[in-house]
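Notes for the one structure printed next.
The values are calculated or read from the model by the stated rules, or taken from the named source; none is laboratory data. Note that the structure is a prediction, hence the values are computed from the model and not measured. Cβ placement follows ideal geometry from the backbone for every residue including glycine, while neighbour counts extend to all protein chains displayed. Heads up: the accessible areas ignore ligands, DNA and RNA and are worked out on the full protein's heavy atoms, side chains in. Shrake-Rupley method; radii C 1.70, N 1.55, O 1.52, S 1.80 Å.
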Amino acid sequence: MRLKSARFAWLALAIMPFAHVRADDPTPPEPTPTPLGFTGVFYDLDNNALVPGEGETIPTLDVGRHIAGRNVPVPIGSLVLTTQGIAPAEGEGPPPLIQYSTVGVSSTGFAQFGNGLRLTAASSQSLDAPGQSTTLQLAYNGPVGAYNTTLALPSATANRYTDGSGNVRNELGGSWTKQASYGNVFGQQQILNASSSKVAWYRHLGSSYPVYERELVETAHSELPPIISGSPANQELARGDAGAGVVNERANPLLAAGGGESGGLDLSGVTLHVTGTAVLDRTISGGTVDLGRRMVGSATVTVDRTDNVGLYSYGTDDNYTRLTLGAFNLSGGTGGSNFTAALGSDAVFNSSTTPVSPVATVAVSGRFTQTATELGRNYAGFDVAGYITGEGLAGETVQSQLNVGYTWAVVDNNSLVSGNLVAFTWNDTPESRSYYNYSVGLEFSTETHTSLSWNSSVTVNGAWSAGIHDLGTTTLSAANGRVVGEGLEGEVVSATTSFQTRLVSIAHAATSIATTPLSTTGTLGDGSRITIADGGSGLYQAQTQIESVGISGADNLSFELGYSGSSPILEHGESQTFDVNFVKEVAPLSEGDLGLVFRADLTIGLSEWFSEYSILDSLSGFSYSEDAHDSYLTSSYRTYTWKLEHRIDAPAATTATATAAAGTDLGKTGFVLTNTVATEGGDAGNTSARFATATSVELRDGTLTEEREIVVSFSKLDDEANQARVAALEDKNTNASSRAALFGGSGLTADEIAPVFTSDIVSLTGLDGIQHVIQITFDAESGSGLQQVVWEKVTVTGEGDDATTEIVWVNAVLGNSNISDLDLLAGTLTLGTETGVLIQSYLEAHFFGGSYDDYLASLGASQSAELGFWGYDRETSVAWAVIDHNSSFAVVSAIPEPSAWALVLGAVTIGFIILRRRA
């Protein structure tokens, strides 16, 4: 029975019109290449055609137990493929002129499937017309054990891919070759050829090599389902300009069809169900009594004993062959020896056992002379391998030796050999340390000679000046306790060896790092430069080595580095630079747009390097072993990290908007806006008269789960409509609630602070429910007290003409979702499930005296900002808060009342109150 394959998918939809040649046509049209279809029939090893059984849609091949083909695939059957053509529909006229795509069959090719099945061809041939056949061999080289799998050959789509040169290919099988090499600024190249391959290269000035983490990314390519273990999945290299091109192809495919996109290789109807068990050769172990080790030439010993010895094997029945050890009853001996060995009944070895629970026990006895004349392993007894039978599987190998009886080792005194030792140390290492000469070893194997242990250490104390120092000769012998033997009767530990030691002391690299220019926030930006210099000298001072460079935390890798050097190792006296470049293309911003802030982290790892072999070459007249190097050089790897920041400001505006897509990370791309100011042209601006500078707001560190429209607007304190809002904070007759919800500093009560606005009012929408950070600049001259971001809490009671509105300015973090039951008069709140928490205690516990970046740095790399923390930085005049709600915000200075100043100054300085940092 033939198993018909589905025709090429595109043929099922439409066939190119056939060209009919007429007598009056001056030239026949070029024929259209037409793919060949295939049918397939599987055969077992006895050449029986396989057909589906009752209730089955595909045939089953049960190959039973067979030897695993780990190195050479084990034949289990064959597959005959026959080509099919396309006949014209009835009534369409004369037969069409058809040119079929050629399908090549390669005798050197293969198709390896992840389930262990493999197809090969005995000979090469070309198929270019219907009715032609080729025979493929089916084999198994998968893992050991029982398997039950299906071989479904791929469709035309799965067999079609585009190679590295852009050519469409139709192939089955082979090994997938997929790689690209990338050059770096050092003139080095690295080849990536696996999904885990990645590398961060430096962008050379004037070139196109960016700081991209080159790694394999997903794209469509031909694959064998299921993918063989170790083969790449659907991946393609993120291409770069490396000058070496990209390789993306199958090497040694089994079948290859021409025709490009017009061709095809559709085998989707050829399917087989295969079951079997692949096993390895089993070995029987045990059977002997070990009488120990004896020195050669020692006196003979008469042995007269009877023992029961166990026989066992490892491995389950599904993984190893089944062995049978037939019963035996043996006796005999030579030279006055007399042995017996008996196994009462056949023993079957088909499971994993141990000496503690053997499969069979052999009764052995012997009366013989144990000699000590022949070095190595000695046996006395019988070899019963001839009683072992296997399963009779093709390719099975049954062990050829199995001794039962007694064994002992005869050994001679051993000797030691060694080479000289070269030890390395940093010149500032103060502690005592030991170096070991790893070239010291035994001259002879312990199978024939004694086993020795030794102590080859050389102890060095204190620091040594840079250079080479002669530590003299070290002798190893039993006399000085550095060599110890086995303790065998008659053993003489006479082994001795000596070696010399040279200590190489290395001075640390003289590395300096400078950055210019730094922004006002201490970050690096577009045009910043990092200069790394090596100020050392001489062979015995380490050189600075650039170990790694990485940019992380930037959307679409917005930043690149330009490197001025040619090698990652700086020569003494050399300096090299990295230039920071912002390379992301951003559309121009207009009035009404929010500005953008791009951030990333730059890390440069430096280590120390010295030429070990140049130093060894300088050891004139001192021979040493290649294995005799030891060092006490602790890791010198150091990591330097900078914040990268690039701002694209939008025109100052009263209101601005931005649409942020789902997944936007405000830590990588934040938003910023600055309020308008009065101009010479008469524009009054939107900045309050009390402030010398306009208020700016920045939104950062939050991830959007959905698209959001973010709107920021400013309200001028001077506006008539805002007078009630201002009074709610600054009028002592009406601001009791606001004073209760502000943090005035240690030792101050709500009655002892006089809060004032130090920024205009900022309204924010679009980020409600998302944890983020709001940063607002403040006018330091307007208030010298403790600064904090506040939130306008508006409460409306009653309705219609009876409605009343209460405005309270509250520290911004008190509006977060984790806080409820905010009772300003009682001065308490509920935090999660914890009730009665004092407002002032909560605010003090979550205050950080410094910038938000300083706060992040204090947490360490593995931690992130915690909801509810707040603080300010007087140097940059920026206050911040970690919040998850939207409203109207401002910055407020909690200035002590005149009567409270004495309390503050009598306890601690105001500078300490403001700048106290949380541990």
Open item on the list: For the range 661-698, give me each residue that is without any contact (Cβ under 8 Å) to a residue 12 or more places away in the chain and polar (S, T, N, Q).
Closed with: THR679
- [ ] Collect the residues in the range 635-654 that are open to solvent by 30 Å² or more (accessible area, probe 1.4 Å), farther than 23 Å from VAL583 by Cα and under 32 Å from the mean Cα position of the chain (by Cα), keeping them in residue-number order.
- [x] SER635, TYR637, ARG638, THR639
Open item on the list: Is it the case, given these coordinates, that SER688 is surrounded by fewer than 21 Cβ atoms within 10 Å (Cβ to Cβ) and of a type in the set (Gly, Ala, Ser)?
Closed with: no
- [ ] Report yes if THR679 is in contact with a strand residue (DSSP E or B) (Cβ under 9 Å, 6 or more places away or on another chain), open to solvent by 40 Å² or more (accessible area, probe 1.4 Å) and more than 19 Å from VAL789 (Cβ to Cβ), otherwise no.
- [x] no
TODO: Taking VAL458 as the residue in question, decide whether it is under 13 Å from VAL417 (Cα atoms), open to solvent by less than 50 Å² (accessible area, probe 1.4 Å) and either without any contact (Cβ under 8 Å) to a residue 12 or more places away in the chain or touching a Phe, Trp or Tyr at 6+ places or on another chain (Cβ under 7 Å) (or both).
DONE: no
TODO: Check the range 816-832 and report whether any residue there is closer than 22 Å to SER696 by Cα, open to solvent by 40 Å² or more (accessible area, probe 1.4 Å), in contact with an Asp or Glu (Cβ under 6 Å, 6 or more places away or on another chain) and not in a strand (DSSP E or B).
DONE: no
- [ ] Answer yes or no: is there a residue in the range 730-743 that is within 29 Å of GLY670 (Cα to Cα), among the basic types (Lys, Arg) and in the same structural domain as ALA845 (by the TED database).
- [x] no
- [ ] Quick one: in the range 316-350, of everything that is part of a loop (DSSP other than H, G, I, E, B) and of a type in the set (Val, Ile, Thr), which residue is nearest to the chain's Cα centre (by Cα)?
- [x] THR316
Task: Residue check, LEU117 over 32 Å from the mean Cα position of the chain (by Cα) and of a type in the set (A, V, I, L, M, F, W, C) - done: no
TODO: Considering only the range 129-155, state which residues are more than 17 Å from ILE76 (Cβ to Cβ) and surrounded by 15 or more Cβ atoms within 10 Å (Cβ to Cβ).
DONE: PRO130, GLN132, THR134, PRO154, SER155
Task: Candidates THR657, THR577, THR603, filtered to the one that is in contact (Cβ under 8 Å) with a residue 24 or more places away in the chain, in the same structural domain as ALA861 (by the TED database) and surrounded by 14 or more Cβ atoms within 10 Å (Cβ to Cβ) - done: THR657
Open item on the list: Among the residues of the range 551-574, what is the count of those that are within 12 Å of LEU644 (Cα to Cα) and either open to solvent by 60 Å² or more (accessible area, probe 1.4 Å) or not acidic (Asp, Glu) (or both)?
Closed with: 8
- [ ] Collect the residues in the range 123-170 that are of a type in the set (A, V, I, L, M, F, W, C), part of a loop (DSSP other than H, G, I, E, B) and either within 15 Å of ASP266 (Cβ to Cβ) or out of contact with any strand residue (DSSP E or B) (no Cβ under 8 Å at 6 or more places or on another chain) (or both), keeping them in residue-number order.
- [x] LEU153, ALA156, ALA158
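I'd like to know if the range 852-874 contains one or more residues that are closer than 16 Å to GLY785 by Cβ, in a helix (DSSP H, G or I), open to solvent by less than 10 Å² (accessible area, probe 1.4 Å) and in contact (Cβ under 8 Å) with a residue 12 or more places away in the chain.
From the range 852-874, those closer than 16 Å to GLY785 by Cβ are 870-874; that's our starting set.
When the remaining residues are screened for being in a helix (DSSP H, G or I), the result is none.
No, every residue in the range 852-874 fails to be closer than 16 Å to GLY785 by Cβ, in a helix (DSSP H, G or I), open to solvent by less than 10 Å² (accessible area, probe 1.4 Å) and in contact (Cβ under 8 Å) with a residue 12 or more places away in the chain.
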Task: Residues of the range 784-807 satisfying the condition of being open to solvent by less than 10 Å² (accessible area, probe 1.4 Å) and either among the aliphatic types (A, V, I, L, M) or at positive phi (or both) - done: LEU786, VAL789, VAL790
TODO: Please give the number of the condition VAL597 fails out of (1) touching a strand residue (DSSP E or B) at 6+ places or on another chain (Cβ under 6 Å); (2) closer than 22 Å to THR674 by Cβ; (3) assigned to a loop (DSSP other than H, G, I, E, B).
DONE: (3)
Task: Scan of the range 269-315 for residues that are open to solvent by less than 50 Å² (accessible area, probe 1.4 Å), under 46 Å from the mean Cα position of the chain (by Cα) and polar (S, T, N, Q), ordered by number - done: THR271, THR275, THR277, SER285, SER313
- [ ] Give just the number: which of (1) closer than 17 Å to ARG690 by Cβ; (2) surrounded by fewer than 16 Cβ atoms within 10 Å (Cβ to Cβ) does PRO755 not satisfy?
- [x] (2)
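Suppose we keep only residues that are among the charged types (D, E, K, R) and more than 30 Å from ALA542 (Cβ to Cβ) within the range 461-496. Which one would you say is most open to solvent (accessible area, probe 1.4 Å)?
Filtering the range 461-496 for residues that are among the charged types (D, E, K, R) and more than 30 Å from ALA542 (Cβ to Cβ), the one most open to solvent (accessible area, probe 1.4 Å) comes out as GLU489.
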Open item on the list: Can you confirm whether VAL756 is within 19 Å of LEU596 (Cα to Cα), at pLDDT 90 or above, hydrophobic (A, V, I, L, M, F, W, C) and part of a strand (DSSP E or B)?
Closed with: no
Task: Subset of the range 742-752 [open to solvent by less than 10 Å² (accessible area, probe 1.4 Å), among the aliphatic types (A, V, I, L, M) and at pLDDT below 80] - done: none
